[in-house]
1. Take peptides 4-13, 18-27 and line them up by average Cβ neighbours within 10 Å, highest first, as a rough protection proxy.
2. Give me the percent relative contact order of the chain, please, defined on Cα pairs under 8 angstrom at least 6 residues apart.
3. Taking the chain as the reference, fit the longest principal axis to its C-alpha atoms, fit the long axis of helix 29-46 to the helix C-alpha atoms, and give the angle between the two in degrees, 0 to 90, nearest 10.
4. Can you give the Kirkwood hydrodynamic radius of the chain from its Cα pairs, in Å with one decimal?
């Protein structure tokens with residue numbers, strides 16, 4: 001599973017940011033990177049008060065971790 005991880009910030013308060021992610025199956029990290037901008041554009045269209053500050057594609061870590 002591949003995760004498109006991004007940080008979205010409020011347009012009216014650029015220091016108010018939140019980490020978000022979209023999950024994809026059946027694609028590679030490279031395919032995620034190639035298709036990220038259209039997916040992020042869809043997200044911004046659905047959330048017009050937010051701007052994308054940064055993003056990356058990564059493999060989802062499914063192993064348990066000690067916290």
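Coordinate-derived values only; no laboratory data. This structure is a prediction, so every number in the text was calculated from the model and none was measured. Ideal geometry is used to build each Cβ from the backbone, glycine not excepted, and the neighbour counts take in all protein chains shown.
1. Order by mean packing, descending: 4-13, 18-27.
2. Relative contact order of the chain: 47 percent.
3. Computed tilt is about 30 degrees.
4. For the chain, inverting the mean 1/r across all distinct Cα pairs yields 12.8 Å.
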